[in-house]
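Asker: I am attaching a structure below and will ask some questions about it afterwards.
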Amino acid sequence: MEKLVIIGGGPAGLSAGIYASRALLSPTIVEGALPGGQLTQTTEVENFPGFSEGIYGIELIKKMRDQAEKFGAKFITEDVLSLQKIGENFEIVLGNGENILSESLLVATGAKANWLNLPNEQRLIGRGVSGCATCDGFFFKGKTICVIGGGDSAMEEATFLTKFAEKVFIIHRKSEFRASKIMQEKVFKNPKIEVIWNSQVVDVLGDQKVSGVLLKDTISSEEKILNLDGVFLAIGHTPSTSFLKNSGVLLDEKGYVLTAERVFFENLENLKSQFSNKFRYQTNIEGIFASGDCVDPNYRQAITASGISVSAEIEIEKFLSEKNNRRA
Ligand code: NDP
């Protein structure tokens with residue numbers, strides 16, 4: 001029987017792992033069959049405190065993993081297929097068919113940026129194609145770039161990117177945005193931003209780095225090339241929570257795990273009775289906590305995922321010690 005199983009091997013899971021191992025909980029981190037999370041897909045990370053010269057995402061993850069391991073965290077490189085409550089404890093079923101039992105759980109499985117899944121888009125990630133403006137905007141000083149999407153993220157990222165880029169196109173497949181009016185207004189007022197309506201990106205062009213995109217008009221089907229240096233995807237994120245389907249853990253309509261923090265902060269009146277206001281990062285099931293990008297549709301940064309997870313881990317320590325006291 002484990003005291004704590006952490007599901008997820010990105011910054012969220014590993015930060016919680018460092019704290020939990022130093023609290024002598026000897027946590028098991030189920031890091032997934034492809035460990036490391038989204039950071040392993042980025043190139044240089046310049047905004048993680050403590051690394052003033054920047055650090056490659058993959059190296060940052062390795063350092064976090066080493067740090068957790070040094071203090072006694074154990075790792076299982078498998079996916080979790082499902083989990084269920086058994087009495088006061090939890091059974092986790094792994095991809096290799098094995099089961100683990102634990103007194104508490106932290107779900108920290110993250111979210112994946114959605115891509116268009118065009119062959120050249122995938123090949124050019126980190127060479128002009130990016131899923132994160134906050135992370136990569138800095139590399140496009142004085143350049144021409146585009147943001148794809150029509151939601152709040154696209155508006156926010158396009159506006160943010162004008163700090164660096166000379167020209168920002170927003171390419172949207174419809175003739176209106178779904179983003180909030182106030183964020184649209186900012187975009188329309190910004191002289192560096194030009195919107196290209198009714199257009200789909202059907203290919204990203206470039207050999208070693210991005211040189212343009214091939215656009216298709218969604219009404220006339222006409223195709224044209226737009227020359228530019230960078231392509232930012234802002235077409236939504238998908239939280240990695242499908243394994244929770246039959247667990248009883250409540251998710252929002254997009255699949256993000258609901259915790260008390262969100263339910264009370266967003267005043268979700270009809271859900272409050274199912275959540276205790278004692279722990280911010282506990283789900284509707286006592287003993288299952290959640291943190292990082294899988295609970296956070298808004299900020300999605302490595303440092304915020306780490307921070308939320310450390311708060312969650314401190315709550316888990318309290319939860320386990322209260323459970324022990326009740327038993328004694
Ligand atoms: P959304 O799901 O709101 O928007 C995604 C956008 O991408 C839509 O315009 C959609 O087009 C477009 N899109 C989706 N798939 C494709 C595709 N295959 N090809 C082309 N375009 C595509 O995601 P966001 O990340 O923008 O926002 C997520 C949530 O976070 C929202 O609730 C948002 O309000 C919130 N948010 C809030 C912010 C703030 O308040 N500061 C900042 C950022 C996000 P279509 O419209 O045609 O469906």
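Asker: Can you tell me which residues in region 58-78 are part of a loop (DSSP other than H, G, I, E, B), over 22 Å from the mean Cα position of the chain (by Cα) and not small (Gly, Ala, Ser)?
Answerer: Initial filter on region 58-78 (part of a loop (DSSP other than H, G, I, E, B)): 71-73, 77-78.
Checking the rest, the ones that are also over 22 Å from the mean Cα position of the chain (by Cα) come to 71-73.
Within region 58-78, 71 is the sole residue that qualifies.
Asker: Would you check if there is a residue in region 24-42 being modelled with pLDDT under 95, assigned to a helix (DSSP H, G or I), surrounded by fewer than 19 Cβ atoms within 10 Å (Cβ to Cβ) and of a type in the set (S, T, N, Q)?
Answerer: Among the residues of region 24-42, at least one is modelled with pLDDT under 95, assigned to a helix (DSSP H, G or I), surrounded by fewer than 19 Cβ atoms within 10 Å (Cβ to Cβ) and of a type in the set (S, T, N, Q), which makes the answer yes.
Asker: Pick out the one residue from 130, 153, 180, 104 that is modelled with pLDDT of 95 or more, under 23 Å from the mean Cα position of the chain (by Cα) and closer than 30 Å to residue 291 by Cβ. Can you show your working first?
Answerer: On the way: 130 fails: modelled with pLDDT of 95 or more; 153 fails: modelled with pLDDT of 95 or more; 180 fails: modelled with pLDDT of 95 or more.
From the options 130, 153, 180, 104, the qualifying one is 104.
Asker: Give the residues of region 218-238 that are touching a residue at least 12 places away in the same chain (Cβ under 8 Å), in a loop (DSSP other than H, G, I, E, B) and of a type outside the set (A, V, I, L, M, F, W, C), sorted by residue number.
Answerer: Correct list: 218, 229, 236.
Asker: Select the strands (runs of 3 or more DSSP E) contained entirely in region 146-217, then report the ones holding at least 2 residues which are β-branched (Val, Ile, Thr) and more than 22 Å from residue 237 (Cβ to Cβ).
Answerer: Result: 193-196.
Asker: State the number of residues belonging to region 125-158 that are within 11 Å of the ligand (Cβ to nearest atom), within 19 Å of residue 202 (Cβ to Cβ) and in contact with a helix residue (DSSP H, G or I) (Cβ under 6 Å, 6 or more places away or on another chain).
Answerer: The qualifying residues number 1.
Asker: Could I ask something else about it? Are there any pairs with C-beta distances below 8 angstrom linking a residue in region 142-163 that is more than 11 Å from residue 193 (Cα to Cα) to a residue that is among the aromatic types (Phe, Trp, Tyr) and within 11 Å of the ligand (Cβ to nearest atom), with the two at least 6 apart or on different chains, and if so which?
Answerer: Listed by first residue and then by second, the contacts come to 150/177; 151/177; 154/177.
Asker: Any residue in region 249-276 that is among the acidic types (Asp, Glu) sitting within a Cβ distance under 7 Å of a residue that is buried (at least 17 other Cβ atoms within 10 Å of the Cβ)? List the pairs, counting only those 6 or more apart or interchain.
Answerer: Partner pairs satisfying both residue conditions: 252/258; 261/280; 261/281.
Asker: If you go through region 267-280 one residue at a time, do you hit one that is under 17 Å from residue 4 (Cα atoms) and touching a helix residue (DSSP H, G or I) at 6+ places or on another chain (Cβ under 8 Å)?
Answerer: Taking region 267-280 as the starting set, the residues that turn out to be under 17 Å from residue 4 (Cα atoms) are 279.
Pick out the ones that are also touching a helix residue (DSSP H, G or I) at 6+ places or on another chain (Cβ under 8 Å) and you get 279.
Scanning region 267-280, I find at least one residue that is under 17 Å from residue 4 (Cα atoms) and touching a helix residue (DSSP H, G or I) at 6+ places or on another chain (Cβ under 8 Å), so the answer is yes.
The values are calculated or read from the model by the stated rules, or taken from the named source; none is laboratory data. Predicted model only: the values in this text are computed from it and were never measured. Heads up, the Cβs are rebuilt from the backbone with ideal geometry, glycines too, and the neighbour counts pull from every protein chain shown.
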